[in-house]
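The values are calculated or read from the model by the stated rules, or taken from the named source; none is laboratory data. Nothing here was measured: the structure is a model prediction, and the numbers come from that model. A quick note on method: Cβ atoms are made from the backbone with ideal geometry, for glycine too, and the neighbour counts reach across all protein chains shown. Only protein heavy atoms, including side chains, enter the accessible area calculation; ligands, DNA and RNA are left aside. Shrake-Rupley method; radii C 1.70, N 1.55, O 1.52, S 1.80 Å.
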Amino acid sequence: MEKRLLQLAVAIAGLVPVGAGLAGALLGPAMQGQVGDVALDSHYRYLSGLLLGIGLLFWSTIPGIERQGARFGLLTAIIVVGGASRALGMLIMGPPGVIMTLALGMELVVTPALYLWRQRVGRLAAVDAAPAGR
């Protein structure tokens with residue numbers, strides 16, 4: 001049951017990077033009501049594509065989530081580094097608004113919490129799979 005709840009949580013949480021990444025790749029900075037030059041547009045769409053890919057890779061862990069510790073951990077580390085970079089920007093430039101602050105919460109709170117939960121589910125699955133008598 002716990003594994004199923006985790007799978008559902010990852011599926012729902014994955015809507016954020018997949019949705020935001022797809023929107024950013026298709027719309028560019030206009031997604032945020034911004035207009036920039038061609039280089040800014042290119043960079044924004046590239047980073048949005050990375051976000052989309054990260055979300056899809058998180059979704060790829062769902063079927064065998066109890067066995068996906070390495071992939072889930074790597075993706076979590078990438079997200080936390082991005083969140084730390086966003087937090088640095090907030091310290092330097094000030095808060096960018098509610099949406100970006102919520103994104104920071106996903107990056108520095110929700111994703112690490114899902115990682116820790118995945119670790120627990122992985123440990124429980126390993127115990128269940130161990131031969132009897134050990």
Problem set entry | Condition met for ILE65 (closer than 21 Å to ALA25 by Cβ, out of contact with any strand residue (DSSP E or B) (no Cβ under 8 Å at 6 or more places or on another chain) and either open to solvent by 80 Å² or more (accessible area, probe 1.4 Å) or not small (Gly, Ala, Ser) (or both)) | no
Exercise. Is one or more of the residues making up the stretch 120-131 among the hydrophobic types (A, V, I, L, M, F, W, C) and at pLDDT 95 or above?
Worked result: yes
For this session: Collect the residues in the stretch 30-54 that are of a type in the set (A, V, I, L, M) and surrounded by 13 or more Cβ atoms within 10 Å (Cβ to Cβ), keeping them in residue-number order.
Result: ALA30, MET31, LEU40, LEU47, LEU50, LEU51, LEU52, ILE54
Exercise. Restricting attention to the stretch 81-89, does a residue exist that is hydroxyl-bearing (Ser, Thr, Tyr) and within 23 Å of GLN32 (Cβ to Cβ)?
Worked result: yes
For this session: Please enumerate the residues belonging to the stretch 68-102 that are crowded, with 19+ Cβ neighbours inside 10 Å and within 27 Å of MET31 (Cβ to Cβ).
Result: LEU75, THR76, ILE79, GLY82, GLY83
Seminar exercise, completed: Contact list, first residue from the stretch 7-24 and β-branched (Val, Ile, Thr), second anywhere and open to solvent by 30 Å² or more (accessible area, probe 1.4 Å) and not in a helix (DSSP H, G or I), beta-carbon distance below 6 Å, six or more apart or interchain, is VAL10/ILE62
Exercise. Among LEU57, LEU27, which is the only one that is open to solvent by 30 Å² or more (accessible area, probe 1.4 Å) and farther than 18 Å from LEU6 by Cβ?
Worked result: LEU27
